[in-house]
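Structure first, commentary second.
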Amino acid sequence: MATPLIVIVGPTASGKSGLAVSLAERHNGEIICADSRTVFKGMDIGTAKPSREDQARVPHWGIDLVEPGEHFSAADFQTYALQKISEIRARGNVPFLVGGTGLYVDGIVFNYQFGAPANVVLRDTLNGMSIDDLRLYCKKNNVMLPENEKNKRHLVRAIEQNGINKERQSTPINNCIIVGIATDNGTLLERIHARSEQLFEDGVVEEANMLGKKYGWENEAMSGNIYKLIFKFNHGELTRDSLREAFEQSDRRLAKRQRTWFKRNQFIEWKSLNEAEKYLDSSLAPSE
């Protein structure tokens, strides 16, 4: 039998990436990052990409695939990730799918049959609606709000994806182990705060300004996460202290949305970091 696909999910700052590196190092694993932000080149600090040290310890895939502003969909990720899983298994190694972008993960785990390109008529209708109306539409139709729910393009895309991604398996694909990292709120908030401090120490403001100069502040990749907040900071709308607080608040909201998404998946084994490590170590141990 082929080596299992190990899937590790959870909210931002839950520690899933560090766990994956540790496990992959011990079990001849390679990591595929299921993160819609780390696919963009140059966006290293602001998207909290795996460090160079971690990438040197274990092979990582799903990083630096496209330039900021280039289109990269969940269907593109599915095609890419399935190819990488096949290649990793062919090398006799264990594929680890790790991340917090729910649609990327579910596209693999539930074998989504992605539909045709966007319906032009529907898109015109959605583009004619206000942001408040689009958010209300999402709530009424059980569409998960995007990370940047005040951005019309993001809202329209979320609605379109919800409409074309209905074809999927009701159970996970074979030979797949799915673990979710359960973290209590207090610990998660502490980790989000610590990561925020680290991002600023690492020079996220300087990175954002470099990217803004090179790619422009208007492209989609720059309109989410901390980059949009740094744009406001540059224009005097935020102080340095309020920038830090706004970023932490943004990450807290992201974590809440990620938890909501993954709670829909009844096949996830929710465990603490320590429990998850023991469980997966045991699952990957050679059978006697």
### Task
May I ask you to verify whether Ala75 is under 19 Å from Ile178 (Cβ atoms) and in the same structural domain as Arg259 (by TED's automatic domain parsing)?
no
### Query
Any residue in segment 262-271 that is more than 23 Å from Asp106 (Cβ to Cβ), of a type in the set (Asp, Glu) and modelled with pLDDT of 95 or more?
no
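Mind listing just one residue for me: the one in segment 231-250 that is closer than 22 Å to Leu145 by Cβ and in contact with an Asp or Glu (Cβ under 9 Å, 6 or more places away or on another chain) and, of those, surrounded by the fewest Cβ atoms within 10 Å (Cβ to Cβ)?
Keep residues of segment 231-250 that are closer than 22 Å to Leu145 by Cβ, which gives 231-232, 245-250.
Pick out the ones that are also in contact with an Asp or Glu (Cβ under 9 Å, 6 or more places away or on another chain) and you get 231, 250.
Values: Phe231: 18, Ser250: 20.
Step by step, filter segment 231-250, then rank; the result is Phe231.
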### Task
Evaluate segment 247-260: report whether one residue or more is outside any helix (DSSP H, G or I) and either over 21 Å from Val21 (Cβ atoms) or free of Cβ contacts under 8 Å to residues at least 12 places away in the same chain (or both).
no
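Within 26 Å of Gln198 (Cα to Cα) and either modelled with pLDDT under 95 or buried (at least 21 other Cβ atoms within 10 Å of the Cβ) (or both): which single residue out of Ile32, Ile63, Ile88, Ile108 fits that description?
On the way: Ile63 fails: either modelled with pLDDT under 95 or buried (at least 21 other Cβ atoms within 10 Å of the Cβ) (or both); Ile88 fails: within 26 Å of Gln198 (Cα to Cα); Ile108 fails: within 26 Å of Gln198 (Cα to Cα).
Among Ile32, Ile63, Ile88, Ile108, only Ile32 is within 26 Å of Gln198 (Cα to Cα) and either modelled with pLDDT under 95 or buried (at least 21 other Cβ atoms within 10 Å of the Cβ) (or both).
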### Task
Considering only segment 268-284, state which residues are within 12 Å of Leu23 (Cα to Cα), out of contact with any His (no Cβ under 7 Å at 6 or more places or on another chain) and of a type in the set (A, V, I, L, M, F, W, C).
Leu273, Ala276, Leu280
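Right, Tyr279: hydroxyl-bearing (Ser, Thr, Tyr) and under 23 Å from Tyr104 (Cα atoms) or not? I'd like the intermediate steps shown before the answer.
Working: hydroxyl-bearing (Ser, Thr, Tyr): yes; under 23 Å from Tyr104 (Cα atoms): no.
So Tyr279 fails the test.
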#### Entry: Candidates Ile173, Ile230 - the one that is among the aliphatic types (A, V, I, L, M), assigned by TED's automatic domain parsing to the domain that holds Ala13 and not in a helix (DSSP H, G or I)
Ile173
### Query
Do we have any residue at all in segment 206-224 that's part of a loop (DSSP other than H, G, I, E, B) and touching a Gly at 6+ places or on another chain (Cβ under 8 Å)?
yes
### Task
With a cut-off of at least 3 residues that are closer than 30 Å to Pro59 by Cβ and among the hydrophobic types (A, V, I, L, M, F, W, C), name the helices (runs of 4 or more DSSP H) lying wholly within segment 95-142.
102-109
### Query
Could you list, in sequence order, the residues of segment 67-93 that are over 24 Å from Ile159 (Cα atoms), among the polar types (S, T, N, Q) and without any contact (Cβ under 8 Å) to a residue 60 or more places away in the chain?
Gln83, Ser86
### Query
Considering segment 30-49 alone, what residues qualify as being over 18 Å from Tyr215 (Cα atoms) and part of a strand (DSSP E or B)?
Glu30, Ile31, Ile32, Cys33
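The values are calculated or read from the model by the stated rules, or taken from the named source; none is laboratory data. Computed from a prediction, not measured in an experiment: that's the story for all the values here. Heads up, the Cβs are rebuilt from the backbone with ideal geometry, glycines too, and the neighbour counts pull from every protein chain shown.
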